[in-house]
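What follows draws every value from the coordinates through simple rules; no lab data is involved. Treat the numbers as computed from the prediction; the structure is a model and nothing was measured. All Cβ positions, even for glycine, are placed from backbone atoms using ideal geometry, and neighbour counts span all protein chains on display.
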Amino acid sequence: PVSRLGLALIGVLTLATAITGATYVAREWVLRNIPARVLDPVLGAVFGFRLERDVMVPMRDGVHLATNLYFPTTGAPPYATVLVRLPYNKDEFITARRAAINFARRGFVVGVQDWRGTSHSEGVFPTPAHDGEDGSDTLNWLAGQPWSNGRVGTFGCSSLGDTQIFLARTRNPH
């Protein structure tokens, strides 16, 4: 069920779109100005996903990394998964949130994870060598979940792409 606030946000988005005549401008304004914790449940109701925030994924050294999991509300498990790891705040980085919504509405589970020592994750900001281990541990955790089909892809460019290079070096089977 969508809350009154959710319905109001949908109304604001619709009105902003009508006034500006530009869907992109309205969408970007909403994404940049309404806090993710308020907006994401509304977007989930509209675009067909549900969100579990700050799931703490354990690493081999006992540190836990904060991961938002976007689940499709259509189809049935098991699902393939897309992983996005980033050094920015996963709740506020619009590019990662936009990608997560797009993949989730197409039937993938999406994990968006704060790097070690950033935002809501535990630990100390990593050296590049340590980042590959964290990515591999995350892949193993995702692939081992009951809703997973064991296949995990990765997504992102720039810093989000660098983490994929370090992960690829681990030759994780998932």
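Where Lys and Arg each count +1 and Asp and Glu each count -1, what net charge lies around T138 among other residues with Cβ under 12 Å from its Cβ?
Values: positive: R60, R85, R116; negative: D114, D131, E133, D134, D137.
After counting each charged neighbour, the total is -2.
Net charge of the neighbourhood of G117, taken over other residues with C-beta under 12 Å away and scored Lys/Arg +1, Asp/Glu -1, is -3.
Within the shell defined by Cβ-Cβ distances under 14 Å, the residues around L5 carry a net charge of +1, with Lys and Arg each +1 and Asp and Glu each -1. Centre-to-centre, using Cα atoms only, segment 74-99 and segment 130-174 are separated by 12 Å.
Close amide H pairs (under 5 Å, H built 1.01 Å from N) link G153 with T81, V82, L83, residues at least 5 positions away or on another chain. The DSSP beta bridges internal to the chain are antiparallel in roughly 55% of cases.
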